[in-house]
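Down below is the structure, laid out as structure tokens.
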Amino acid sequence: MKVEPQQLKAFIVSSGLVNEKQFDNCFKKAEKSKESVEDVLIADKLITQADLIRLKAYILGIPFVNLEKDKILADILKIIPEPIARTHNIVAFRKQGKNLEVAMLDPEDLKTIEFVKKKSDLKILPRLTSPESIKSALSQYQESLQAEFGDIIKQETGEIKNIQDSEGENEEAGSDLEKKAQEVPIIKIVDTLLKHAILQGASDIHIEPMENEVLVRYRIDGILHDAMTLPVIAKSGIVARIKVLSNLKLDEHRLPQDGRFKIETNEYKYSVRVSVLPVFNGEKIVMRLLPETTKGLSLEQLGITGDALEKIEVALNRPVGMVLVTGPTGSGKTTTLYSMMEILNKPFVNISTVEDPIEYRMPRVNQTQVNPLIGLTFASGLRSLLRQDPNVIMVGEIRDNETASLAINASLTGHLVLSTLHTNSAAGAIPRLVDMKVEPFLLASTLNVVIAQRLVRRLTEEKEEYYLQDSDLKNLSKYCNIETINKVLEEEKISKPGQSIKEIPFYKPKTTKEAPDGYKGRVGIYEVLNVDEAIRSLLQKGSSADEIQNQAVLSGMRLMFADGFAKAARGQTSVEEILRVITE
């Protein structure tokens, strides 16, 4: 079913869309850049993506469909679960008898077609479509889910009220709460809350009791969004249900509790970390959603490039020493550590970790979960790891003096240690460790590299171009050095020598149906402090964070805001997003 380049050439030339010479030039360019000839034809604007897809449909003998203006029935849409639809770009749009028509970007994806066939017990009829058409069809899942959730809340909270009315409003004992947690209405509401969050790509669910309602908020791409409000009548049942799932004490309402549980379906597998905190109107719950099937990203995919990437790779190639990743909570530090472990994970390397929680499962890596209730802390876990003959040790976080001391000693005694620290800058990690009673001369001997990072939201393909004005530059100068930004844009070949930043296009988010705020996904911005001889000299003298940062910049370190502006000039994010993150 694949369209071979020569077959494509014959049809595309005969159709008059592209001449033979143009096609041959694109073919050579594709071979050189290891891209497909189709991508090169589109990039060179010799043919539109829509025309190319229609031509491929004709060659393959597969009908072409455009669903941009079609309303798909909810029952048909749900035949293919949303995670499968989004991952594989396949949408069910029409059913006649035992025949199911599906729109696809890749009709060669036989594995997905076979999966849908087995799940639906229908004959699958593939139809070729365009990315815009698939995007439009996928957006209908959201509408369908919101309608489904509204119906459940309306129906099930009515049932809850009937149950409560029949039982009376007495003070609830543990046994009453346990019974309430097993009621079908409550189970449906909690299940739908979790499903809704997972399908929207939320990292956290906040369930907050108010005086007259329960507010549910989702953190998506680092930003909290109001998701829905639930009737206050459902409050105690929802809390009880989540406590039962997490194996927490039902009758404890005065003390914070932490727990975890798993969700597993054919479409997704998540570990859910639960925190329950007493507040004025009841108990607030925050659930962290950790996908267990997530594959590690490369450092390049995270947004680390150029000289910074080279410094990290050199540090990881050393058999001993320490690599630290710093930043606030939720800045992607653990993901960066996992990417490093992916690089180091070779058959001849023994990697052992102590984490809280274990966010991703990695083959051939010995991962230990912290459990303070039984005395398994970062420090005690790290002490035990040293007896496991490791080459590489990953400590989820250095939180106290004991863990810091053990990590330093481990890096001195023939191990490569990876860990995280809560500081705002790369240079700030050093005084933080000194505060933890680590001797400066030991830091000079062990530190290889310190990475500071933040996560910024990615702009979608639909974005608005604009140019910075004098008023913008005046505002920017309060937070960062304009000359430094100009220098970085020149180094990245985004601007020409002497070109003003006002002549460089930047981008603003554009509201779309799929991304109401104009952003989708996140990318990291970084500063990488390489501990060279000049930095070691400052460490031994006990220099301040500012002195260390100034020396690192002289040695070529790019500050975080400068890395952010390079990404903004490439259209990956916006200037507003960079300022939001570095000034918060």
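Quick notes on this one:
- At least 27 Å along the helix axis (C-alpha) and Kyte average at least -1.0, DSSP helices within the chain: 131-167
- Local charge for Leu418 was computed over the other residues whose Cβ lies under 13 Å away, with Lys and Arg +1 and Asp and Glu -1, and equals -1.
- Our note on the geometry: Cα centres of region 274-309 and region 411-476, 18 Å apart.
- Per-residue SASA remark: Arg457, around 30 Å² accessible (1.4 Å probe; ligands, DNA and RNA not included).
- For Phe261, the shell of other residues with beta-carbons less than 14 Å away shows a net charge of +3, using +1 for Lys and Arg and -1 for Asp and Glu.
- Computed FRET value (nearest 0.05) for Lys34 with Asn212, which takes r as the C-beta separation and R₀ as 60 Å: 0.50
- Efficiency of FRET between Asp470 and Asp44 - r from beta-carbon atoms, R0 45 angstrom, step 0.05: 0.75
- Taking 0.36 nm per residue of sequence separation and removing the Cα-Cα distance, the Asp121/Asn25 pair yields an extension gain of 29.9 nm.
- Annotation for Ala534 and Asn550: the two label points, set 7 Å from Cα along the Cα-Cβ direction, are 1.2 nm apart.
- Bridging of Lys28 to lysines at a Cα separation below 18 Å is possible for Lys9, Lys45, once same-chain residues fewer than 8 apart are set aside.
- With N counted as the residues of region 437-502, its alpha-carbon radius of gyration over 2.2 N^0.38 Å works out to 1.70.
- Rounded to two decimals, the Cα-based Rg/Rh of the chain, with Kirkwood Rh, is 1.00.
- Under 18 Å from a label point set 7 Å out along the Cα-to-Cβ vector of Lys111, the amide N atoms of region 65-85 belong to 81, 83-85.
- Relative contact order [Cα under 8 Å, 6+ residues apart], the chain, whole percent: 9 percent
- Cross-link pairs beyond the 19 Å C-alpha cut-off, checked among Lys496/Lys567; Lys243/Lys295; Lys243/Lys284; Lys95/Lys117; Lys95/Lys119: Lys243/Lys295
- Distance (nanometres) between label positions extended 7 Å along Cα→Cβ at Arg580 and Thr293: 3.0 nm
- Each Lys or Arg adds one and each Asp or Glu subtracts one; over the other residues with Cβ under 11 Å from the Cβ of Gly327, this totals +1.
- Start at zero, step by 5 Å, and the Cα-Cα distances of region 212-338 spread as 2, 8, 14, 16, 16, 13, 10, 8, 6, 4, 2, 0 percent across the bins.
- MRE, 222 nm, helices only [DSSP H, n ≥ 4, -39500 (n - 2.57), over the chain, to nearest 500]: -13000 deg cm²/dmol
The values are calculated or read from the model by the stated rules, or taken from the named source; none is laboratory data. What you see is a predicted model; the values in this text were computed from it and never measured. Heads up, the Cβs are rebuilt from the backbone with ideal geometry, glycines too, and the neighbour counts pull from every protein chain shown. Note: accessible area is taken over every heavy atom of the protein model, side chains too, but ligands, DNA and RNA are not part of it. Shrake-Rupley method; radii C 1.70, N 1.55, O 1.52, S 1.80 Å.
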